[in-house]
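The values are calculated or read from the model by the stated rules, or taken from the named source; none is laboratory data. The structure presented is a predicted model; accordingly, all values stated were derived computationally and were not measured. Note that each Cβ is placed from the backbone with ideal geometry, even for glycine, and that neighbours are counted across all protein chains shown. Only protein heavy atoms, including side chains, enter the accessible area calculation; ligands, DNA and RNA are left aside. Shrake-Rupley method; radii C 1.70, N 1.55, O 1.52, S 1.80 Å.
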Amino acid sequence: MPVTVVVGAQWGDEGKAKIIDLLSKEHTYVVRYQGGHNAGHTVVVDGERYALQLIPSGVLYDHVIPVIGNGVVVDMPTLFNEIDTLESRGIACSGLAVSSRAHLIFPWHQAHDAIAEAVRGDDKIGTTLKGIGPAYADKARRVGVRVGEVADLEHFATTVRARAIAENIVIEQAGGEPLDVDDIVERFTALGARLQPYVADTVTMLHDAVAQGQHVLLEGAQATFLDLDHGTYPYVTSSNPTAGGACAGSGLGPRDIDRIVGITKAYTTRVGAGPFPTELLDADGDSLIDIGREYGTVTGRRRRAGWLDCVMLRHAVRLNSLTEIALTKLDVLDGFESVKVCTGYLLDGAPVQHYPDRSDVLARVEPVYETLPGWGTDLSEARERGALPDAAQAFLALVEREVGVPVKVVGVGAERDDYLVWSA
Ligand code: GDP
Ligand code: IMO
Ligand code: MG
């Protein structure tokens, strides 16, 4: 299994980092392929919580070479803050490789993100305000600044100055506060100097690794339904977290990949605006949020919560060619008397055959639920599927039947070792 992709199958925060941490044991390279510091990936080791935004979650293992791939947008202040924090906690980051083709985020991207959200008013997307959308927009309109440009700092400083001056005009026209150009040039040139030793041609590096039979793990951030093309547009992020994006964002080819793991919680959450068919605005929803501690890692926002949606998961299986599912946070359902799973949608009273291609349609569907008895037992000590109570096994069997691929890993707690795993 040389190349594995891990992709969120819902709207993010599925517990990808914990599963990546688990899979990192058998991989040498762990590669972020899209997104930026809008991601918040949590791994808990012996009670210590590591919250990663840009650095791949595999960094916690000494044998792992963490790679920031070409598809990522890199915020240098966050990157170095993260490196400093990890190193102060004894985690070495010197082996980190950052793709020369990745694009950089600058303060004007954050300014544009804030202006765009303000202009949308009540229709705002609820972005993380990290400048992700504007940075990808600059990449698409071919005015972005790439990581590789820090090789020539004089030229880099000139480019940053020109971009800052140009962007200030747009910011002022939109009624925003102009940025301090000199300060940006000085700070980002210094950061660029610090970035130099990490810069690499990661595409060649990864192809060489695959050719040598090394195991590579491609770590998705965000998730399938936040995908720019396949998510609930416009309530999406500006990259392609789906497995297809793993190729574009790492430079590996589709035929290099042989395992694609979709991560889902045992229920559903979403942070930010957008349609959410199984959302619960009642006491059950509050319980999911409280028990599951559903507050954003990056922005601290209260997440929205609802029952598991197998219509979404079925679509995620197709979009990503998922070979298996890892289902996290089963323990959060422990105290529920009964548990619901959405197995279909109705639109104007008629069954929906395909996942709706429009957000306004998705906002109107009604979920069809199958209700299962709860298990009323603490699952946190379970380590094999056979050790689960019958009701929890029935829940997993229902998911597998509805979704069509096996559930191979189940999370039963936040700690690194709180999971059940099997190969059948
Ligand atoms: P990611 O963005 O997909 O990596 O997920 P986040 O880290 O944003 O959010 C997942 C949260 O759930 C984190 O706080 C994890 O520590 C926690 N978590 C992951 N797996 C489990 C699990 O199986 N059970 C419980 N109770 N918590 C989990
Ligand atoms: P991880 O990797 C959950 C959401 C934002 C917003 C939308 C667009 O931790 O799963 P953006 O700042 O990307 O332009 O915001 O996407 N969003 C996430 N939601 N988990 C994430 O990452 C997210 N990254 C972005 O809340 O709705
Ligand atoms: Mg997260």
(request) For GLN393, work out the one condition from (1) open to solvent by less than 50 Å² (accessible area, probe 1.4 Å); (2) more than 19 Å from THR268 (Cβ to Cβ) it doesn't fulfil. (result) (1)
(request) Go through the range 1-31 and give me each residue that's closer than 16 Å to LYS265 by Cα, of a type in the set (Gly, Ala, Ser) and not in a loop (DSSP other than H, G, I, E, B). (result) GLY8, ALA17
(request) Test GLY249 against the stated conditions and say whether it is without any contact (Cβ under 8 Å) to a residue 12 or more places away in the chain, open to solvent by less than 30 Å² (accessible area, probe 1.4 Å) and not polar (S, T, N, Q). (result) no
(message) Being within 16 Å of ligand 3 (Cβ to nearest atom), out of contact with any Asp or Glu (no Cβ under 8 Å at 6 or more places or on another chain) and open to solvent by 10 Å² or more (accessible area, probe 1.4 Å) is the requirement here; does GLY296 meet it?
(response) no
(request) Any chance you could count how many residues in the range 24-45 are more than 10 Å from ligand 2 (Cβ to nearest atom), out of contact with any helix residue (DSSP H, G or I) (no Cβ under 8 Å at 6 or more places or on another chain) and in contact (Cβ under 8 Å) with a residue 60 or more places away in the chain? (result) 1
(request) Hey, can you tell me all the residues within the range 347-360 that are exposed (fewer than 14 other Cβ atoms within 10 Å of the Cβ) and not acidic (Asp, Glu)? (result) GLY349, ALA350, PRO351, GLN353, HIS354, ARG358
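Table: residues versus (1) part of a helix (DSSP H, G or I); (2) more than 23 Å from PRO351 (Cα to Cα).
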position	(1), (2)
TYR369	no, no
LEU372	no, no
ALA392	yes, yes
ARG401	yes, no
LEU420	no, yes
(request) Select, from ALA157, ALA164, ALA223, the only residue that is within 16 Å of ligand 1 (Cβ to nearest atom) and not assigned by TED's automatic domain parsing to the domain that holds PRO275. (result) ALA223
(message) List the strands (runs of 3 or more DSSP E) inside the range 254-353, counting only whole elements, that have at least 2 residues being in contact with a helix residue (DSSP H, G or I) (Cβ under 9 Å, 6 or more places away or on another chain) and within 16 Å of ligand 2 (Cβ to nearest atom).
(response) 259-265, 267-270, 304-309, 324-328
(request) Evaluate the following for ARG142: is it within 30 Å of the chain's Cα centre (by Cα), open to solvent by 30 Å² or more (accessible area, probe 1.4 Å) and under 16 Å from VAL72 (Cα atoms)? (result) yes
(request) With respect to GLY386, determine if the residue is open to solvent by less than 70 Å² (accessible area, probe 1.4 Å), within 16 Å of ligand 3 (Cβ to nearest atom) and not aromatic (Phe, Trp, Tyr). (result) no
(message) It is to be established whether one or more residues within the range 293-305 are at pLDDT 95 or above, basic (Lys, Arg) and within 24 Å of LYS408 (Cβ to Cβ).
(response) no
(request) Within the range 114-136, track down each residue that is over 19 Å from the mean Cα position of the chain (by Cα) and assigned to a helix (DSSP H, G or I). (result) ALA114, ILE115, ALA116, GLU117, ALA118, VAL119, ARG120, GLY121, ASP122, ASP123
